[in-house]
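Take a look at the structure set out below.
The values are calculated or read from the model by the stated rules, or taken from the named source; none is laboratory data. Since this is a predicted model, take the numbers as computed values, not measurements. All Cβ positions, even for glycine, are placed from backbone atoms using ideal geometry, and neighbour counts span all protein chains on display.
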Amino acid sequence: MATAHVLDPALGHLFARALVAIARADHQIGAEEGQRLEERIALRVAGRISLDDLLLAEPLEPHRLAESLHGAAGPFRTAWLHPSELAALIVSDGLAVVLAKGYVSEAEARVIVRFASALGYSLEQVCALSSRVAPWLDAL
């Protein structure tokens with residue numbers, strides 16, 4: 001697992017929306033995934049974020065997350081967390097969430113890679129970070 005970063009509420013909300021997008025990629029979030037999702041969000045985000053509110057929010061697209069972080073006028077231009085560090089958190093926590101059900105679907109794998117890529121993380125970096133579950137990458 002990546003180091004225990006605690007994200008400020010604004011960046012944490014985007015992070016939580018990315019995890020929800022990953023968990024939703026196969027069109028269902030089971031009880032195990034939902035519980036793990038809540039645990040990961042609580043671990044990483046300062047303040048409380050309602051999972052119900054996240055599920056009702058518009059799905060976050062990877063390029064929108066990247067635009068929020070990279071935009072010169074964006075709210076995170078002074079954020080202390082480098083985009084590649086956020087990518088590593090999304091990959092490791094995204095895997096932890098979806099593995100709660102015992103496997104990673106191809107759709108979930110694709111969304112994880114899309115978020116990582118949007119933040120400048122290469123497929124090789126994703127593979128290195130997720131070497132224990134590398135077989136799901138063969139489908140990509």
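Residues in the range 87-100: is at least one modelled with pLDDT under 90 and either surrounded by fewer than 17 Cβ atoms within 10 Å (Cβ to Cβ) or within 17 Å of His13 (Cα to Cα) (or both)?
no
Return the residues of the range 85-115 that are β-branched (Val, Ile, Thr), assigned to a helix (DSSP H, G or I), in contact with a Phe, Trp or Tyr (Cβ under 6 Å, 6 or more places away or on another chain) and within 16 Å of His27 (Cα to Cα); say none if nothing qualifies.
none
Would you tally the residues in the range 1-42 being among the aliphatic types (A, V, I, L, M) and either in contact with a His (Cβ under 9 Å, 6 or more places away or on another chain) or under 18 Å from Leu65 (Cα atoms) (or both)?
14
Restricting the search to the range 1-36, which residues are closer than 15 Å to Val91 by Cβ, of a type in the set (Val, Ile, Thr) and not in a helix (DSSP H, G or I)?
The one that is closer than 15 Å to Val91 by Cβ, of a type in the set (Val, Ile, Thr) and not in a helix (DSSP H, G or I): Thr3.
Among the residues that make up the range 37-54, is at least one of them buried (at least 19 other Cβ atoms within 10 Å of the Cβ), part of a strand (DSSP E or B) and out of contact with any Pro (no Cβ under 8 Å at 6 or more places or on another chain)?
no
Do the conditions hold for Glu61, that is, is it closer than 17 Å to His13 by Cβ and either modelled with pLDDT of 90 or more or under 15 Å from the mean Cα position of the chain (by Cα) (or both)?
yes
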